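The structure appears below as structure tokens.
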Amino acid sequence: MIQWSSKSTDSTEQNISESNRLSAANSISSNNALGWQNLEGYSLGLPKEDFLVEQKHSETSWIKPKINSGYDSLNSRSLQAKGSTVNGSDLELPKVLVVDDHTASRMTAVALLSMEGYEVIEADCGVTAVELVRQKQPDLILLDVMMPGMDGFEVCQLLKQDEHTRLIPVIFITALNDRRSRIRGIEVGADDFLTKPFDRVELAARVKSLVRQKRLNEDLDHTEQVLFSVARAIESRDPNTGDHCERLVQLGQIFGEYLNLSRHQIRDLMWGGYLHDIGKVGIPDDVLLKTGKLTPEDWQIMRRHVVIGEKICQPLRSMRGVVPIIRHHHERWDGSGYPDGLKGEDIPYLAQVFQMIDIYDALTSERPYKRAFTTQEALSVMLEETNLGWRNPQLIQQFLKFIQFYEDKD
């Protein structure tokens, strides 16, 4: 016997039992914000509440070896040529770290860059360079390849793998001009190459271009973080869903890998876990947090959250793959969903995939108005929804195999 009493923002109190599983499927559907026939029950499959995501901030894992005594003797200085501008209207000068164990080569680069108006920092070895990057956060690194101890390839790879330094462009400066060295540099994440001796015009052009690109990337990265913060703020208004979004991120990754999706598609699924209901920021509290039954007018307002979310995220190029998930995660295979009433393959594929993990997690998670369903109970409900015409029959079979695969694996 499956039975619970529910009181949520989009449902009246209702009891569901094993004796009427078809009615249960109707009332706990992920998309029944539209209702099914005359039902206006809550949506168990897709969340109708705000979410609370406690974002876990990764900490930088820096190697902190003993810095050699030469570190204290290195010059960390700001050199600026009069009348030279490299940063447009920015008040803060771009910082460039020059890393080379040969003093003459390093000083040549420092002199050329100082004439272009950059703040220049110096390091004579890889270990010192890593420590200076941590302390100074430069806008660009000119990095010698052949150095004793930690060579340029190792330094670049370490920095590009770290979340806090991955956006800093690295230009390899080297006398090496062979194909193998360049391929190795590309593999570890180098952004460009310069060959000694330097050509001043070429050096200035490449540095200026990469510094500009780095700051544009930082602006984009900051904008994305603002969106995630807004999503967390929305979820904090209703803690009842627990770690729903965090689980969606994890499910999106492993189900995406199971389906052999591309890296970008998997990323979009994971971001969709955080952002799919961000549009609820535009839903009034008297509707979003309503404890009683929503009126037809309330439902019209509630359904707007997908369009609002789309408008919030659409201007960002990096969100192109996430926007279809946000707009269409309430569509149904038979065309009875919203906002566009799309049918079958007209529903974006990633939105269909997202529905699978969203429904499953909501069914198998405990909520104040219900206990957590077992895996078999949840899959049974999802099959019933498919029989009603709400889900992609082929995709639901793939999801069933996916769940079975991971249960057997455990």
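The values are calculated or read from the model by the stated rules, or taken from the named source; none is laboratory data. Note that this is a predicted model, so its numbers are computed, not measured. Note that each Cβ is placed from the backbone with ideal geometry, even for glycine, and that neighbours are counted across all protein chains shown.
Per-structure values
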read-out	value
Selected residue (criterion: farthest from Phe228 (Cα to Cα)) from residues of the stretch 303-315 that are surrounded by fewer than 21 Cβ atoms within 10 Å (Cβ to Cβ) and of a type in the set (A, V, I, L, M)	Val307
Residue ranges of helices (runs of 4 or more DSSP H) in the stretch 238-340 with at least 1 members within 22 Å of Val353 (Cα to Cα)	244-258, 263-275, 305-313, 323-328
Test result for Arg212, part of a helix (DSSP H, G or I), over 16 Å from the mean Cα position of the chain (by Cα) and either at pLDDT 85 or above or in the same structural domain as Leu142 (by TED's automatic domain parsing) (or both)	yes
Number of positions in the stretch 87-137 that are acidic (Asp, Glu) and assigned to a loop (DSSP other than H, G, I, E, B)	6
Positions within the stretch 177-211 being over 19 Å from Gln157 (Cβ atoms), touching a residue at least 24 places away in the same chain (Cβ under 8 Å) and of a type outside the set (A, V, I, L, M), in sequence order	Lys196, Pro197, Phe198, Arg200, Arg206, Lys208
Output for the stretch 158-180, where each listed residue is crowded, with 18+ Cβ neighbours inside 10 Å and of a type outside the set (A, V, I, L, M)	Thr165, Pro169, Phe172, Thr174
Qualifying residue in the stretch 395-407 (condition: at pLDDT below 95 and either at positive phi or outside any helix (DSSP H, G or I) (or both))	no
